[in-house]
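The values are calculated or read from the model by the stated rules, or taken from the named source; none is laboratory data. Owing to the predicted nature of the structure, the values given are computational and were not obtained by experimental measurement. Neighbour counts run over all protein chains shown; Cβ positions are idealised from the backbone, glycine included.
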Amino acid sequence: MIPIVYLTSGLLPLVTALVATAGLTFLLLPVIKKLGLIDDPKRHKHPGIIHTKPIPRAGGIPLFFGCLIAGLFFLPVNQITIALFFAGFISLAIGLIDDKLNAQSKDVSPYLRFLIQILTAIIVVGSGVSIHFITSPSGGLLHFDTIKVLTLSLADLLSIIWLVWVMNMLNWSKGVDGQMPGIVAISALVIGLLSLRLNPTGSLIDTKLSFIIAGSAIGFLLFNFYPAKIFPGYSATSLYLLLGAAAILSSAKLATAILVMGVPTVDAIFTIIRRIVSKRSPFFHDKKHLHHLLLRLGYSQRQIALFYWCISAIVGIASFTLTSRSKIFAMIMVIVITVGILLFLHIVTRNANEKISS
């Protein structure tokens, strides 16, 4: 158990980020509209779009600066935090360009965005944020620092892959209103609480950063839950980068992060494989993510968002009592169940479409 007195080390950063993000979102909404950062379904032709009226995007602005404001109060100014927010700002900038182009029915090349993601991940990893080890299911630690892959250590290579993966996976997990900020908030809270359990003084960067991310996501959720007043946009990638970094600042929490984000992770992997099998680019847009399939079955956006939140929360709470070996079995269970649901929904929706067309 975590003594109540130590919760202030997480509560204050969380509340500060929440208030800052909510306040910035409220104040910036009219500015975002004037700048033309609007997602108009009549102009922005994207197969994944489900809204029917113009809604402001560029939610990455309040999300990033909400974290930055809280970070100035609670995070130390050192090599890691400077690199984190510098890389986050680059992600925000390319995201805003994409958000602006989307309003004009255009896009930044997904391959250019992917290269920028790799660049930002390299900046973060270069500052010292790296998966140095993980806990072995059979006991002990598995160290990656001593293994070299070309000129990189395996630790750095895995860290770059993880950060890029989190940015893309969460970007695909904002299909319905409130879905993404809820998943991010729960994931960050679980990481932060686990950090407090391992380090009750809450003095580590990842502890405070996790609660800051959670607070920022909750503050934004007040405006993003259905019916959304603002969308995260691609600029929210800056927040995903911070969350990925918080998860690997201490390798002990990496498995927990993977577990809590298990459903969107499996959905993303399934999507990539499905597109490749269909001889399409993994960056190809479609309307076949899990949330799209649930919408076709008649579930509302609120119900779908709550479904994702509940699964993340249940798995997150369970992770506090699981051993490393148990987490592996839990991951396998999440994979099997989610893949089974996806296959079933694809068959059901395909049969329904065939009946309608006939």
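Numbers for the structure displayed
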| item | result |
| --- | --- |
| Every pair of residues 6+ apart whose Cβ atoms lie under 7 Å, when the first sits in segment 18-35 and is in contact (Cβ under 8 Å) with a residue 60 or more places away in the chain while the second is among the aliphatic types (A, V, I, L, M) and in a helix (DSSP H, G or I) | L18/I218; A20/I69; A20/A70; T21/L63; A22/L222 |
| Subset of segment 95-107 [in contact (Cβ under 8 Å) with a residue 24 or more places away in the chain and within 19 Å of M167 (Cβ to Cβ)] | G95, L96, D98, D99, N102 |
| Segment 227-245, subset hydrophobic (A, V, I, L, M, F, W, C) and part of a helix (DSSP H, G or I), residue nearest to W165 (Cα to Cα) | L241 |
| Filter result for the condition that a residue is assigned to a helix (DSSP H, G or I), at pLDDT 90 or above and not charged (D, E, K, R), over I328, I356, I347, I311 | I311 |
| Every residue from segment 305-355 that is touching a Phe, Trp or Tyr at 6+ places or on another chain (Cβ under 9 Å) and aromatic (F, W, Y) | F307 |
| Selected residue [more than 16 Å from A247 (Cα to Cα), surrounded by fewer than 15 Cβ atoms within 10 Å (Cβ to Cβ) and modelled with pLDDT of 90 or more] from L115, L101 | L115 |
| Criterion violated by F220 - all others in (1) in contact with a strand residue (DSSP E or B) (Cβ under 7 Å, 6 or more places away or on another chain); (2) surrounded by 23 or more Cβ atoms within 10 Å (Cβ to Cβ) satisfied | (1) |
| Pick from segment 68-93, criterion among the hydrophobic types (A, V, I, L, M, F, W, C), in a helix (DSSP H, G or I) and over 20 Å from V164 (Cα atoms), ranking: nearest to the chain's Cα centre (by Cα) | L68 |
| Selection count where residues are more than 30 Å from D107 (Cα to Cα) and either surrounded by 13 or more Cβ atoms within 10 Å (Cβ to Cβ) or among the basic types (K, R) (or both), scope segment 307-332 | 17 |
